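Please treat every number below as a calculation from the coordinates, not as lab data. Not measured: the values here are computed from a predicted model. No Cβ is skipped: glycine too gets one built from the backbone with ideal geometry, and neighbour counts run over all protein chains shown.
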Amino acid sequence: MRTDLEVLAFVAVLALATMLTRFLPFWIPARFTQNRLVNVAKRSLPAVILLLLTIYSLKDTKFTNLPWGLPEMVSLAVVLALHVWKKNALLSIAAGTGLYMVWSNGLLSGLF
């Protein structure tokens with residue numbers, strides 16, 4: 001069992017770490033943000049992160065038995081199509097997630 005002092009110290013360290021990660025970008029001098037490597041990372045990191053999240057979310061998909069990963073692939077296609085069409089990340093993610101949830105909970109089970 002942890003003492004109250006240990007819990008308080010743990011919460012204080014977590015709060016400090018959270019505040020540092022939130023405020024640090026505003027404290028960095030402008031000469032560092034104009035660096036070529038920082039600009040490349042700024043442009044490419046969001047796409048890399050989304051790709052990693054997509055791969056991670058599809059890692060347990062079974063493509064060898066029914067429904068052959070169809071709910072995941074159709075939902076992914078909806079997300080991609082909506083994002084290319086509307087350029088609205090919230091709409092794309094919400095529609096793809098909603099479609100997947102409806103399908104995986106059996107509301108579209110008559111299709112396959």
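Spin-label point model (7 Å from Cα, Cβ direction): what's the residue 84 to residue 17 distance in nm?
Here the answer is 4.1 nm between the modelled labels.
Please report the relative contact order for the chain, taking Cα pairs under 8 Å with a sequence separation of at least 6, and give it as a percent rounded to a whole number.
14
If you fit an axis through the alpha-carbon atoms of helix 36-58 and take the longest principal axis of the Cα set of the chain, what angle between them do you get, 0 to 90°, nearest 10?
40
Specify which residue in the list 102, 34, 78 is farthest towards the positive end of the charge dipole of the range 31-112, using unit charges on the beta carbon of Lys, Arg (+1) and Asp, Glu (-1), about the Cα centre.
Going by the Cα projections, it comes out as 34.
Tell me, 103, 27, 68, 85 in order of fewest to most beta-carbon neighbours within 10 Å?
Details: 103 19, 27 7, 68 13, 85 10.
In order of increasing Cβ crowding within 10 Å: 27, 85, 68, 103.
Using each residue's phi in the range 66-77, evaluate 6.51 cos²θ - 1.76 cosθ + 1.60 at θ = phi - 60° and report the 3J(HN,Hα) Karplus result to the nearest Hz, with x for Gly and Pro.
For the range 66-77, the Karplus curve yields 3, x, 6, x, 4, x, 5, 5, 5, 5, 5, 5 Hz.
If you fit an axis through the alpha-carbon atoms of helix 89-104 and take the longest principal axis of the Cα set of the chain, what angle between them do you get, 0 to 90°, nearest 10?
Helix 89-104 sits at roughly 50 degrees to that axis.
Residue by residue through the range 19-35, what is 3J(HN,Hα) from phi via Karplus (6.51 cos²θ - 1.76 cosθ + 1.60, θ = phi - 60°)? Round to whole Hz and write x for glycine and proline.
Karplus-based 3J(HN,Hα) across the range 19-35 equals 5, 4, 5, 7, 8, 4, x, 7, 8, 6, x, 4, 5, 7, 6, 8, 5 Hz.
Let me check against my output: what whole-number percent is the relative contact order of the range 38-103, with C-alpha pairs under 8 Å and at least 6 apart? Don't skip to the answer; put the middle values down first.
Working: 28 pairs, mean separation 15.1, N = 66.
Rounded, it is 23 percent for the range 38-103.
If you stretched the chain out fully between residue 101 and residue 3, how much longer would it get, using 0.36 nm times the residue separation minus the C-alpha to C-alpha distance?
31.0 nm
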